[in-house]
Structures are given as structure tokens and as C-alpha cells.
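Engineer: I am attaching a structure below and will ask some questions about it afterwards.
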Amino acid sequence: IVGFAGLWFSPIDAEITNIVTKKTERKRGIGTLLLGKLIEMAKEEKKDNISLEVNENNVAAGILYESAGFEVVGIRKNYYNGKDNAIIMTKYFQKNCCIFFLFDIKFKQVDKSEEYKWEEVMNYYQEI
């Protein structure tokens, strides 16, 4: 075995769980082939998109995913070992199929009478 990959499906999308290549077999296109097969499988299942998380320090993988059409859609802070961030990347199979909003979730006590207007929320997230 020189490599393996994992993929799971939800009703509308697919998520890559891992792509692993044996260290002695790297730089031979195996990761690219595995990634291509996962993308093909997601398309065959008629998913809207395919997503993954990659360690911010894994530059080679990030370049591979960008070259395959993945876009950065978010960050998970301190995801790996409590210190390295995970970069969330998605490849959309259809233009404008999905809209993602990134939220900084902070738990705080809120007055129950306080209402938030959708337009204000949209304006805030367009600025970030």
C-alpha cells in the first residue's frame, strides 16, 4: 500500500477525511490521483460540493488542493494538537450552489428581548 484516502457523504455534500501517501512514495502523483478519485466519487453521488480540512503548516497539501479548485472558506483555530489551525477548503461543483457564513461564536448572556436583524448580520460578515 502506497496511499489511501477517506470520504464520507452527507445528503448534500462530501467531506474528505484524509489523504495519506507513504513517505517514501511522495512526489510521485499518488496524492493527486487519490484526490481526483474522491472528487470523481462526490460528483457521481451528485453532491453540491466537497470539503476538507488541512493543517495550515501543510503547504504542499494546500497547494495540491488549490490546484484542484478548492477555495478557502474558513479556519478552525487550534484544531491540530491544540495549536495549529485547520484551513477549511471547499470545491463547488456548481456556481453559486452554496453560501457559507463564518461565525465567531462567543457564548454570552443575551437579553431575551434583544433581536438581531438579518441585514445587520449580513453586513457584518461581508466586512470580515
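Engineer: I need the phi-derived Karplus couplings for region 79-91: 6.51 cos²θ - 1.76 cosθ + 1.60, θ = phi - 60°, integer Hz, Gly and Pro marked x.
Structural biologist: Whole-Hz 3J(HN,Hα) from phi for region 79-91: 6, 9, 6, x, 9, 7, 7, 9, 8, 8, 10, 9, 10.
Engineer: Long-range amide H contacts for Ile75: which residues qualify at under 5 Å (H placed 1.01 Å from N, peptide plane, sequence gap of 5 or more or a different chain)?
Structural biologist: Ile88
Engineer: How would Ile16, Ile63 rank on accessible area, largest to smallest, probe 1.4 Å?
Structural biologist: Details: Ile16 10, Ile63 105 Å².
Sorted descending by solvent-accessible area, the residues read Ile63, Ile16.
Engineer: Tell me, what is the percent relative contact order of region 1-103, built from C-alpha pairs under 8 Å that lie six or more residues apart?
Structural biologist: Numbers: 160 pairs, mean separation 23.6, N = 103.
Worked out over region 1-103, it gives 23 percent.
Engineer: How large is the direction-averaged shadow of the alpha-carbon convex hull of region 24-64, in nm²? Walk me through the numbers before you get to the answer.
Structural biologist: Working: hull surface 13.8 nm².
Mean orientational projected area (region 24-64, Cα hull): 3.4 nm².
Engineer: Net charge near Ala42, counting Lys/Arg +1 and Asp/Glu -1 over other residues with Cβ under 11 Å of its Cβ?
Structural biologist: On the way: positive: Lys37, Lys43, Lys46, Lys47, Lys91; negative: Asp13, Glu15, Glu40, Glu44, Glu45, Asp48.
Charge balance in the 11 Å sphere: -1.
Engineer: Still on this model: Which shape class applies to region 45-84: rounded if a/c is under 1.5, otherwise prolate when a/b exceeds b/c and oblate if not, where a ≥ b ≥ c are the square roots of the Cα gyration tensor eigenvalues?
Structural biologist: oblate
Engineer: Note down the nm distance, to one decimal, between modelled labels 7 Å out along Cα→Cβ at Val59 and at Val20.
Structural biologist: 2.5 nm
The values are calculated or read from the model by the stated rules, or taken from the named source; none is laboratory data. Computed from a prediction, not measured in an experiment: that's the story for all the values here. When we count neighbours, we look across all protein chains shown, and the Cβ atoms used for this are built from the backbone with ideal geometry, even at glycine. To get the accessible areas, we keep the full protein, side chains included, count just its heavy atoms, and leave off ligands, DNA and RNA. Shrake-Rupley method; radii C 1.70, N 1.55, O 1.52, S 1.80 Å.
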